[in-house]
Amino acid sequence: MKIMILEGDGIGPEITKQAVKVLKAFNLANNIEYALIGGAAYEKYNDPLPQATLDLAIKSDAILLGAVGDWKYDKLPRDKRPEQGLLRIRQSLNLFANLRPAIMFPELSHASSLKPEVVSGLDIMIIRELTGDIYFGEPRGVSVNQNNQREGINTMRYSESEIVRIAHIAFKSAQLRKKKLCSVDKANVLETTELWREIFTEIAKNYPDVTLTHMYVDNAAMQLVRDPKQFDVIATGNIFGDILSDQASMLTGSIGMLPSASLDENNKGMYEPSHGSAPDIAGKNIANPLATILSLAMMFKYTFNDEKKFIAIEKAVRKTLQEGFRTQDIYAAGSRLIGCDEMGDVVVERLEV
Ligand code: IPM
Ligand code: MG
């Protein structure tokens, strides 16, 4: 078992450090190797995804990533920016299936901006296609057009096989849950997503036990705040999934709680918190490491088929919350405010290895 750790930028190093404590508690310290990505890699190698990192990633069974990005890199040429490191590693490793669960921990129902009765018991799985769509479509770029005006172009594009493989992941995931799959598109306007809808409808015939519905993305955004509990599994393309998963995360109180998995055809995966690098709070020991720790839990479940360790980590996190330990993003009066580092220790102390 080879696990690569990519700390990244901003709060990345401090949150991944807490997940590494969990790996150490499982006696897996010898199975980890570190490499650079994002701004940290740009500083040292002038490249947000150096070849050495990619080589090691290819050799690893799983990757744990903190976060990438910092405003100070926003002026760099696009290919040098930290986000490109992330997009390139997703594409190079063919990590097309992005699983973003949005689960409400009962202890945090007060932390949601929605009423507790709307969000209590919430358990949604967002499946976002991660290596296609307008993120990667060609042609792209900014050029000068015939009218001597600057013009920006991006291309929304999906091939049949790309849609088919993510559809199978979505249906299979629904089968293991409440058997409800909502495919989100904009088929009333965009041909690409009309094809998406058609293919999902065709694939549904292989999964008679799953109820498939379709929803336009604007309506889905509205329904997510109106009545989020109507959803079980949501499947959507790269750009819609980027937006809807941020929205869904906030239903649960804090984006600091939500893990994610990005998987290839063989369940090799990269695991990262759904939140970003938060440079404004980096190095202050106030970031919430629970999304990263829960991402590690997902690694054991999806890549290593080790349900026991997955459950052990989840249980330790729940216990930590039940006992009232909180970082500032989920703090409420009466709970016990602690820092990022302490949160890692508290979870490890409650871990049954
Ligand atoms: C995400 C992030 C990335 C994305 C950025 C950092 C490139 O927002 O993982 O959701 O857009 O996919
Ligand atoms: Mg995003």
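Readers should treat all values here as calculations from the given coordinates under stated rules, not as data from a laboratory. The structure presented is a predicted model; accordingly, all values stated were derived computationally and were not measured. Counting neighbours? That spans all protein chains shown, and the Cβs are built from the backbone with ideal geometry, glycine included.
Percent antiparallel among DSSP beta bridges with both residues in the chain, to the nearest 5?
On the way: 17 of 45 bridges.
About 40 percent, rounded to the nearest 5.
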- CD proxy at 222 nm, helix term only [per DSSP H run n ≥ 4: -39500 (n - 2.57); per residue of the chain; nearest 500]: -12000 deg cm²/dmol
- For the pair Arg78 and Ser92, the simple spin-label estimate (label points 7 Å beyond Cα toward Cβ) gives in nm 1.9 nm
- Task: Work through the residues other than Leu351 whose Cβ is under 11 Å from its Cβ and net out their charges, Lys, Arg +1 and Asp, Glu -1.
- Result: +2
- In the chain, taking the dipole from +1 charges on Lys and Arg beta carbons and -1 charges on Asp and Glu beta carbons about the Cα centre, the listed residue (Leu49, Val217, Ile15) farthest towards the positive end is Ile15
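Assuming a ≥ b ≥ c are the square roots of the Cα gyration tensor eigenvalues, decide whether region 97-263 counts as rounded (a/c under 1.5), prolate (otherwise, with a/b larger than b/c) or oblate. Before the final figure, lay out each step's value.
On the way: a/c = 2.21, a/b = 1.40, b/c = 1.58.
Because a/c hits 1.5 or more and a/b fails to exceed b/c, region 97-263 counts as oblate.
Quick check: net charge around Gly253, other residues with Cβ under 10 Å of its Cβ, Lys/Arg +1 and Asp/Glu -1? Spell out each step's value before the answer.
Values: positive: none; negative: Glu107, Asp329.
Residues near Gly253 contribute -2 overall.
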- For Lys229, the lysines lying under 24 Å Cα to Cα, once residues fewer than eight places off in the same chain are dropped, come out as Lys115, Lys172, Lys178, Lys179, Lys180, Lys186, Lys315
- Report, in debye and to the nearest 20, how large the dipole of the chain comes out about its Cα centre when Lys and Arg carry +1 and Asp and Glu carry -1 on their Cβ. 460 debye
- Item | Derived scalar couplings ³J(HN,Hα) [region 304-320; Karplus, 6.51 cos²θ - 1.76 cosθ + 1.60; whole Hz; x for Gly, Pro] | 9, 6, 10, 4, 5, 5, 4, 5, 4, 5, 4, 4, 5, 5, 4, 4, 4
- Is region 211-277 rounded, prolate or oblate when judged by the Cα gyration tensor, a ≥ b ≥ c being the square roots of its eigenvalues, rounded requiring a/c under 1.5 and prolate requiring a/b larger than b/c? oblate
- Message: Net charge around Thr201, counting only other residues with Cβ within less than 14 Å of its Cβ (Lys, Arg = +1; Asp, Glu = -1)?
- Response: -3
- Averaging over all projection directions, find the projected area of the Cα convex hull of the chain and quote it in nm² with one decimal place. 18.4 nm²
- Going by the alpha-carbon gyration tensor, a ≥ b ≥ c the square roots of its eigenvalues, is region 195-243 rounded (a/c under 1.5) or, if a/c is not under 1.5, prolate (a/b greater than b/c) versus oblate? oblate
